[in-house]
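Reading through the structure tokens given below for one structure.
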Amino acid sequence: MQTEFSKGINIIKDLCVQFNTIHIDPLERKWIAISLMIVGLFVGIITIDALFHGINPPSKVETIDSASLHLSQEFAEDNLGVQVDDKGAVIIRMVAGRYSFFPKHVDVPAETPLTFRWVSMDVLHGVHIPMTNMSTMIVPGYVAEISTTFPKPGEYPLLCNEYCGLGHNHMWSNISVIAKEDWHAPVKSHVKGEQQ
Amino acid sequence: MNDAAEKKLALSHFWVAFAAFILACFMGEYQVLERSGFIPALESAPVYFASVSTHGVLMAFVLTTFFIMGFGYMVAAASLKQPVWNKPLAWIGFWVALVGVVLAAIPLLTGKASVLYTFYPPIVAHAAFYIGATLLVVGSWVWCVIMLMTFNQWKKANPGQTVPLAMFATAANAMLWLWASAGVALEVLFQLVPFSLGWISTIDPGLARTLFAWTLHPIVYFWLIPAYTAFYVFVPKQAGGYLFSDEMARIAFIVLAVFALPIGFHHLYMDPEQAQGWKLLHGIGTFVVALPTLVTGFTVIASLEIAGRLRGGKGLFGWILSLPWDNTMVLAVILSLLMLIFGGFGGIVNASYAMNAMIHNTAWVPGHFHLIFGGTTIIMYFAIAYYLWPILAGKPLFSKPMALTQLWLWFIGMVILTTPWHILGLLGQPRRISSVVYNNLLTLAWKPYELAMIFGGLVLLGSACLFIYNLVKTQLNPVSEDFAETIEFAEQYHAPASMPDYLNSLGLWNKVIAVLMAISFGFPILQFFFMKTFGSSAWGY
């Protein structure tokens, strides 16, 4: 083990010696330093944003059986749409399927942290609300969770942005972002089979 | 040395490449027209998606693979001044790849494989499409083996000597492609082919996307390396100067080959099946791979400046005007670098986590890769073709003014096509739609840009036709006995005293790649076998 280690060290030493023998023009050295600084700046900003400000793309790695969403607790029909959980967080559960997003329309509050949970019931889809960062791939077999806040009230289109079949262009719907003070948490509807 | 056999080999590959190219150009123009909705009679989603799938396969897989193979054979013979190893095997590789293309083309053109060139399981195409694509890749593996064998053969015969830069870059590309293609090969062999034949009933799209992402980034460097090779080994000589630094060129090629591989997850930033730590790691690697491009920019521009000053250019920028703008290689490199600057800017947006969310899968993305692949890379393929065709065919080029016009038109067309395409992305237009049917005011803002794109596509199509016409006319020229041009490689400004071994062989770098790939893809692939996943059944389209 020790010899392996020292062998490795020797290879690195040898590389350093060899590296010093190559000719690099002083001007080029300067340019390489500038390039390293540019790259370092970008990497630094992204890393700090990711680690300290929590700016990350949707990456929850949560699996689900897309073939039996209707039998699942969470994505059964009566559980879809906007809900406010015990802690007051606004969660929107949506199902993507050829060629629409379900429920067809939801109202969400502006200036409020929202958590979207997207699943597909068939093939690969993607969803984007143009000019916002509400964007994620919806891969069958996985739950795509994304948190965002909409600063401005208005009607926004939800567009499928991944090829999902010949009717792909027809896959879109709308979402209403309502001023915070005008928005009320929806009362959970009971549309299960049984009579109330 | 008699290299007639290599010339025939290279020319055959080039003709397949450019035949695919011109066919795909017509499809491209049809697609911008159809998508705009200006001609209602054209509207047809099945035809559109069959066309997009074919256009992507022809441009990204057929044009590139055949061009790179042909270019490699020519570079090996000319730079090493020795015959290419095992030419019968090279012809077998050619035919295997060509049969693969034909096999894939049948389902593509009949609408049985409208899954786009990035596959998208659980939507499934006819098995012939995947098998054909596999044969194309197998043909390219034959090329990789031949390139690496030729490289080693020369090194054995010339111990202690420096491998010519052109061959070093080509061998590095062969190593890169063997590593890069392994990802998609695993996806096709273990997932897509058995799935399309009905041998397995479900597929995990998360695993499939991860394996495809393995290939999806390095493949663009596989395409780009011949263009960079021309930057370094042809351009300085054609401009009338010297290569600024041979060592830095080698370092650039090594960093490209090593760091292009472990960074594919920037294609999966918005995917739920990979965790954020892995995405961040690949994101950082993505910025590292910008370094060799920055170094290349410096070396190429420095080489051009040497040439400009030798030609009597004075002042800070005067040397630019004194460059031979009427040389196809020099004009192409200037236009290529211009497109690289804008395309590189767009690439930084894509690579950045938060900004990527705004443009992911919007029209911005095809705008970006048409600029950097169709622009920066393909314009150098044109320049290489103009340079090599007379040498390969033994006849002078049919028309140089036509070639220069063609290069300008390609640049202008690409600017007119891709600028509005980027803007459409910022305005929220998704990519991969065959028509705009959203009942939303937002779409009104898209119309003028779509009109501009049709015009840009027309200019590009005209340019492509001029290119093919020029090559065909050159080929049909009578053979002239006194025409004896050969490939001239650039000489170095500072000839290196000695070349360190790690800049002259690939063994060490192969090991470095193995370690980096194990780190960056080991867990992300293994996780699918350790967690409870749910496969998807097959879907048509």
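The values are calculated or read from the model by the stated rules, or taken from the named source; none is laboratory data. Given the structure is predicted, the values throughout are model-derived calculations rather than measurements. When we count neighbours, we look across all protein chains shown, and the Cβ atoms used for this are built from the backbone with ideal geometry, even at glycine. Accessible surface is based on the protein model in full, side chains and every heavy atom, while ligands, DNA and RNA are left aside. Shrake-Rupley method; radii C 1.70, N 1.55, O 1.52, S 1.80 Å.
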> Of the conditions (1) within 24 Å of the chain's Cα centre (by Cα); (2) within 14 Å of chain A (Cβ to nearest Cβ); (3) open to solvent by less than 30 Å² (accessible area, probe 1.4 Å), B:P226 fails just one. Which one is it?
Replying inline: (2)
> Mind checking which residues of region B:428-445 are of a type in the set (A, V, I, L, M) and either at pLDDT 95 or above or buried (at least 21 other Cβ atoms within 10 Å of the Cβ) (or both)?
Replying inline: B:I433
> Among B:L281, B:L316, B:L335, which is in a helix (DSSP H, G or I), among the aliphatic types (A, V, I, L, M) and farther than 26 Å from B:R250 by Cα?
Replying inline: B:L316
> What number goes with the only condition from (1) at the interface with another protein chain (Cβ under 10 Å from one of its Cβ atoms); (2) hydroxyl-bearing (S, T, Y); (3) open to solvent by 10 Å² or more (accessible area, probe 1.4 Å) that B:S245 does not pass?
Replying inline: (3)
> Can you spot a residue in region B:271-285 that is more than 10 Å from chain A (Cβ to nearest Cβ), touching a residue at least 40 places away in the same chain (Cβ under 8 Å) and within 24 Å of the chain's Cα centre (by Cα)?
Replying inline: yes
> Is it the case that B:I359 is surrounded by fewer than 18 Cβ atoms within 10 Å (Cβ to Cβ), closer than 24 Å to B:W223 by Cβ and within 14 Å of chain A (Cβ to nearest Cβ)?
Replying inline: no
> From B:W319, B:W214, B:W278, which residue is under 26 Å from B:F528 (Cα atoms) and surrounded by fewer than 23 Cβ atoms within 10 Å (Cβ to Cβ)?
Replying inline: B:W278
>> Kindly evaluate A:S147 against the criterion of being small (G, A, S), open to solvent by less than 10 Å² (accessible area, probe 1.4 Å) and more than 9 Å from chain B (Cβ to nearest Cβ).
In response: no
>> Test of understanding: among B:Q191, B:Q274, B:Q238, which residue is in a loop (DSSP other than H, G, I, E, B) and not small (G, A, S)?
In response: B:Q274
> If A:T21 passes every condition in (1) open to solvent by less than 90 Å² (accessible area, probe 1.4 Å); (2) within 27 Å of B:G206 (Cα to Cα) but one, which one does it miss?
Replying inline: (2)
>> Checking the structure you have, find out if any residue of region B:99-121 is within 23 Å of B:L392 (Cβ to Cβ) and at pLDDT 95 or above.
In response: yes
>> Any residue at all in region B:382-394 that's touching a Lys or Arg at 6+ places or on another chain (Cβ under 9 Å), surrounded by fewer than 21 Cβ atoms within 10 Å (Cβ to Cβ) and not in a helix (DSSP H, G or I)?
In response: yes
> Before we move on, is B:W364 within 14 Å of another protein chain (Cβ to nearest Cβ) and either open to solvent by less than 20 Å² (accessible area, probe 1.4 Å) or at pLDDT 95 or above (or both)?
Replying inline: yes
>> Against the definition (touching a strand residue (DSSP E or B) at 6+ places or on another chain (Cβ under 9 Å), at pLDDT 95 or above and surrounded by fewer than 17 Cβ atoms within 10 Å (Cβ to Cβ)), how does A:A179 come out, yes or no?
In response: yes
> Can you name the residue in region A:30-62 that is open to solvent by less than 60 Å² (accessible area, probe 1.4 Å) and within 21 Å of A:T132 (Cβ to Cβ) and, of all such residues, is farthest from the other protein chains (Cβ to nearest Cβ)?
Replying inline: A:G54
>> Looking only at region B:3-31, count every residue that is open to solvent by less than 20 Å² (accessible area, probe 1.4 Å) and of a type in the set (D, E) and tell me the total.
In response: 2
>> Every residue in region A:63-99 that is more than 9 Å from chain B (Cβ to nearest Cβ), part of a loop (DSSP other than H, G, I, E, B) and either open to solvent by 60 Å² or more (accessible area, probe 1.4 Å) or not small (G, A, S) (or both), please.
In response: A:Q73, A:E74, A:F75, A:L80, A:D85, A:D86, A:K87, A:Y99
> So which pairs qualify, if the first residue must be in region A:52-78 and on the phi < 0 side of the Ramachandran plot, the second must be basic (K, R) and at pLDDT below 90, the Cβ gap must be under 7 Å, and the two must be at least 6 apart or on different chains?
Replying inline: A:D78/A:K192
> Which residues, counting only those in region B:156-188, are open to solvent by less than 10 Å² (accessible area, probe 1.4 Å) and outside any helix (DSSP H, G or I)?
Replying inline: B:V163
> Any residue at all in region B:492-505 that is in contact with a strand residue (DSSP E or B) (Cβ under 9 Å, 6 or more places away or on another chain) and either away from chain A (no Cβ under 12 Å) or among the aromatic types (F, W, Y) (or both)?
Replying inline: yes
>> With the requirement that a residue be open to solvent by less than 20 Å² (accessible area, probe 1.4 Å) and among the β-branched types (V, I, T), what does region B:370-381 give you?
In response: B:T376, B:T377, B:I378, B:I379
>> B:L338 - would you say it is more than 12 Å from chain A (Cβ to nearest Cβ) and surrounded by fewer than 19 Cβ atoms within 10 Å (Cβ to Cβ)?
In response: yes
> Within region A:117-132, which residues are within 7 Å of chain B (Cβ to nearest Cβ) and within 18 Å of A:N174 (Cβ to Cβ)?
Replying inline: A:G126, A:H128, A:P130, A:M131
>> Name the single residue that is least open to solvent (accessible area, probe 1.4 Å) among those in region B:32-47 being without any contact (Cβ under 8 Å) to a residue 60 or more places away in the chain and assigned to a helix (DSSP H, G or I).
In response: B:L42
> Do any residues in region B:192-217 that are in contact (Cβ under 8 Å) with a residue 40 or more places away in the chain have Cβ atoms under 6 Å from those of residues that are surrounded by fewer than 23 Cβ atoms within 10 Å (Cβ to Cβ) and assigned to a loop (DSSP other than H, G, I, E, B), where the two are at least six apart or on different chains, and which pairs are they?
Replying inline: B:T202/B:G535; B:I203/B:G535; B:D204/B:T533; B:D204/B:G535
> touching a His at 6+ places or on another chain (Cβ under 7 Å), within 12 Å of another protein chain (Cβ to nearest Cβ) and either of a type in the set (K, R) or open to solvent by less than 30 Å² (accessible area, probe 1.4 Å) (or both) - does that describe any residue in region B:446-460?
Replying inline: no
> What do you reckon, is B:T299 under 18 Å from the mean Cα position of the chain (by Cα), assigned to a helix (DSSP H, G or I) and within 12 Å of chain A (Cβ to nearest Cβ)?
Replying inline: no
>> Filter region B:89-137 down to the residues that are more than 19 Å from B:F67 (Cα to Cα) and open to solvent by 40 Å² or more (accessible area, probe 1.4 Å) and list them by number.
In response: B:L103, B:I106, B:L109, B:T110, B:K112, B:H126, B:I131
> For residues in region B:395-415 being surrounded by 19 or more Cβ atoms within 10 Å (Cβ to Cβ) and in contact with a Phe, Trp or Tyr (Cβ under 8 Å, 6 or more places away or on another chain), which is nearest to B:R431 (Cα to Cα)?
Replying inline: B:W410
